[in-house]
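The next block holds one structure in the form of structure tokens; read it before the comments.
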Amino acid sequence: MPTLHLIIKRKVQGVFYRKTAKKIAEELLITGWNRNMDNNDVEALVTGTAIQLRQFVDWCSRGPARALVNEIIETEQEENLFNTFLIR
């Protein structure tokens with residue numbers, strides 16, 4: 001399955017971004033993790049089908065109601081299998 005590394009930029013900390021992303025990932029059956037970065041971005045490493053990942057990235061470009069996303073840096077990675085989706 002494809003794995004993507006994502007960096008989500010702008011106002012994505014302090015708006016329940018990671019918690020909501022976890023909920024969306026679980027609904028889409030995506031596994032992996034997300035975490036806050038020191039520069040106020042959110043980083044994620046996610047694995048799923050191409051369709052699942054596209055739906056997740058589409059959601060990430062909007063985020064929860066109070067988020068302001070202006071860029072997602074998306075990089076394909078070697079397949080990485082996870083058992084669940086974690087907030088780190």
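Taking the residues in the stretch 1-40 that are crowded, with 19+ Cβ neighbours inside 10 Å and part of a loop (DSSP other than H, G, I, E, B) as candidates, determine which candidate is modelled with the highest pLDDT.
30
Mind counting the residues in the stretch 41-73 that are among the aliphatic types (A, V, I, L, M) and modelled with pLDDT under 95?
Qualifying residue count, the stretch 41-73: 4.
Can you list residue pairs whose Cβ atoms sit under 7 Å apart, with the first residue in the stretch 22-51 being closer than 23 Å to residue 70 by Cβ and the second being aliphatic (A, V, I, L, M) and in a loop (DSSP other than H, G, I, E, B)? Count only pairs 6 or more apart in sequence or on different chains.
Correct list of pairs: 41/12; 42/12; 43/37; 46/30.
Which residues, taken from the stretch 41-88, are in a loop (DSSP other than H, G, I, E, B) and open to solvent by less than 90 Å² (accessible area, probe 1.4 Å)?
Selection gives 41, 48, 49, 63, 64, 67, 80, 82, 84.
Kindly check whether there is at least one residue in the stretch 44-67 that is charged (D, E, K, R) and touching a Phe, Trp or Tyr at 6+ places or on another chain (Cβ under 6 Å).
Looking through the stretch 44-67, none of the residues is charged (D, E, K, R) and touching a Phe, Trp or Tyr at 6+ places or on another chain (Cβ under 6 Å).
The values are calculated or read from the model by the stated rules, or taken from the named source; none is laboratory data. Just so we're clear, the structure is a prediction, and the values are computed from it rather than from any experiment. Neighbour counts are summed over all protein chains in view; Cβ atoms, including those assigned to glycine, are modelled from backbone coordinates with ideal geometry. Only protein heavy atoms, including side chains, enter the accessible area calculation; ligands, DNA and RNA are left aside. Shrake-Rupley method; radii C 1.70, N 1.55, O 1.52, S 1.80 Å.
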